[in-house]
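Quick notes on the structure that follows.
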Amino acid sequence: MHRLGLAVNCQTIRKNKGFCMAGPMHQFEIATLKPLELAGYDASFTNSSLWMAIAIGVIGVFMFVGTARPQLVPGRWQAAVEYVYDFVRNMLDENVGPEGRRYAPLIFAIFMFVLICNLLGLLPWVGAFTPTSHISVTLGLAFLVFTVVCIVGFWRHGLHFFSLFWPKDTNIALGLFVFLIEVLSFLSRPFTLAIRLFANMTAGHVLLKVFGTFVVTLGSFGALPYVFGVLPLAVNVALTALELLIAVVQAYVFALLASLYLNDAVNLH
Amino acid sequence: MPQFDFANVFWPQLFWLTALFAVLYFGIIRTTLPRLSKVMDEREDRITADLASAREAKEMSDRVAEEYQAEINRSREEARGKLAAAKLEAAKASKKRLAAADKRLSAKVAEAEQQISAARNAANAALRDIAAEGAEAIVARLTGDAPGRKAALARVDAILGGVN
C-alpha cells in the first residue's frame, strides 16, 4: 500500500515539475484527462479510456484497410485480416461446431480488442497504458461473454438450459449436490475469466517495471557506472519477448474460453 | 493496487469500455467483416467447384485413356491375327509352288535320264560295230585271212557281254 502512496506522491511531485522515480504500481494509476459525469456516475475520460480508444482506432484501420476492396485473391492487408478471422472461425468450428460461425464476429471483436490492448500496453516510451491490466475492464468483457452465453442458452433451450447443471443418471441427493457445484462454477466463470487476464497483464508489467528500476539503480552505481545495469536490461529485453507472447496467448485464451462457454450454451455439452 | 480502488476506477472504465466496445462491434466489425466473410465464402465455393470440375476432367481423361488403351490392344490383337493368317497363306502358297517346281524338275530329270540312257545305248551299239570292225582289220592284217563280220561280231559280243 505504501507503493500506492508513493505513486500518488509522484503525481503531485510531477505536477510541480519535479523528478521522481515511479513505483512499479504507478503504471496502473488512472489519470483523469477530462472529467465527466453521467446520471450521477463518474464517466471521466481517463488514460485507460484513451488507450482503449487508440486500440479501437488501430483495429479500425486494420479492418477498414483490410476489407476496403475485398478480392478473391487477397492483398497483404486483406490476407492479414483474413488470417486472424480464419483463426477465430476455425476455433469456433472446432469448439462449437457449425452453429458457432454465427458468433464469429463477436468472438473476433473480443479477441482483437484484448489482443490490441495487450500489445499496445507493451509499447515503451509513449506512456502506454494497458486497459486489460484493470479488472474493471476485464470484468466488463467477461460479463459481456457471460451475458451472451446466458442469452444464447435460454433463447435456444428455454428452461431446459438448466439441464446443463444436472448430472445424468444419478439419484436426487447427489444430483442436487452436483447441481449446486455446477451452478457455482458457472457463476464463477466471469470472475475467473476476468482475473486470469488482469493478473497476467498486471504481473507482467510489474515485472518489467521492477527490472527497469534495477537497470536505473544498478546502472547508476557511482564507482562503476552502467556496467551493472546491463544484466537487468538483458533480462528486461527477454521479458519483453515473453510479455509479447503472453499478450497473444492471453487474448487467445480469453477468446477460446469464451467459445467454450458458448459451446455449453449452444450444445448443452 | 490502483486496480482495486473501485470507487474511483470502476465506473469510468466500464462506461468507456461499453461505449468503445459498442463502437468496435457495431461500427467496425459489423460493417467490415461481412464483406470479408462473403469474399472468403465465395473463394471457398470457387475452390470447391474448381476442385470438383478438375476431378471430373481427370475422370474423363482417365476414361479416354482407358478407351484408347483398349482400342490399341484390340487393334494389336487384330493385326496379330491378320499376320498369322497371312503367314499361313504364304506358307501354303510357297508349298504349292515348291511342289509344282519339284514336279516339273523331276519330269525334266526323268527326260534327261532317258536321253542319257538312249545315248549310252547308241554309244554301246556303235562301240560294238567299231570293235568288230577293228578286230576284223587287226585279224586280217595279222593273219591275212578275213574272219568275216559275223564271227568278229560274235567275239565282240562275247567279250562285251563278259565285261558288261
Tally of residues being at the interface with chain B (Cβ under 9 Å from one of its Cβ atoms), touching a residue at least 12 places away in the same chain (Cβ under 8 Å) and surrounded by fewer than 19 Cβ atoms within 10 Å (Cβ to Cβ) across segment A:33-45: 1
Residue among A:186, A:254, A:165, A:198 that alone is over 25 Å from the mean Cα position of the chain (by Cα) and either within 28 Å of residue A:30 (Cβ to Cβ) or of a type in the set (Phe, Trp, Tyr) (or both): A:165
Number of the exception - residue A:111 against (1) more than 12 Å from chain B (Cβ to nearest Cβ); (2) part of a helix (DSSP H, G or I); (3) under 21 Å from the mean Cα position of the chain (by Cα): (1)
All positions within segment A:104-151 that are polar (S, T, N, Q) and under 30 Å from residue A:212 (Cβ atoms): A:118, A:130, A:132, A:133, A:136, A:138
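Taking segment A:46-55 as the region of interest, how many residues are at the interface with another protein chain (Cβ under 7 Å from one of its Cβ atoms) and surrounded by fewer than 21 Cβ atoms within 10 Å (Cβ to Cβ)? So that I can check it myself, show each step before the final result.
Let us first name the residues in segment A:46-55 that are at the interface with another protein chain (Cβ under 7 Å from one of its Cβ atoms), namely A:46, A:48-49, A:52-53.
Filter again for surrounded by fewer than 21 Cβ atoms within 10 Å (Cβ to Cβ), leaving A:53.
The number of residues fulfilling the criteria is 1.
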Which numbered condition residue B:9 misses (of (1) surrounded by 13 or more Cβ atoms within 10 Å (Cβ to Cβ); (2) under 25 Å from residue A:28 (Cβ atoms); (3) more than 7 Å from chain A (Cβ to nearest Cβ)): (3)
Qualifying positions in segment B:15-34 - more than 19 Å from residue A:139 (Cα to Cα) and at the interface with chain A (Cβ under 7 Å from one of its Cβ atoms): B:28, B:29, B:30, B:32, B:33
Output for segment B:98-138, where each listed residue is closer than 30 Å to residue B:155 by Cβ and among the β-branched types (Val, Ile, Thr): B:116, B:130, B:138
Subset of segment A:238-269 [surrounded by fewer than 17 Cβ atoms within 10 Å (Cβ to Cβ), of a type outside the set (Gly, Ala, Ser) and closer than 17 Å to residue A:119 by Cβ]: A:240, A:242, A:244, A:245, A:248, A:249, A:252, A:253
Single condition residue A:223 does not satisfy, out of (1) small (Gly, Ala, Ser); (2) over 30 Å from residue A:158 (Cβ atoms); (3) in contact with a Cys (Cβ under 9 Å, 6 or more places away or on another chain): (3)
Residue in segment A:71-78 that is crowded, with 19+ Cβ neighbours inside 10 Å, more than 19 Å from residue B:19 (Cβ to Cβ) and at the interface with chain B (Cβ under 7 Å from one of its Cβ atoms) present: no
Residue in segment A:188-209 that is of a type in the set (Ser, Thr, Tyr), surrounded by 11 or more Cβ atoms within 10 Å (Cβ to Cβ), in a helix (DSSP H, G or I) and in contact with a Phe, Trp or Tyr (Cβ under 9 Å, 6 or more places away or on another chain) present: yes
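Readers should treat all values here as calculations from the given coordinates under stated rules, not as data from a laboratory. Predicted, not measured: the structure shown is a model, and the values here were computed from it. Note that we place each Cβ from the backbone using ideal geometry, even for glycine, and neighbour counts take in every protein chain shown.
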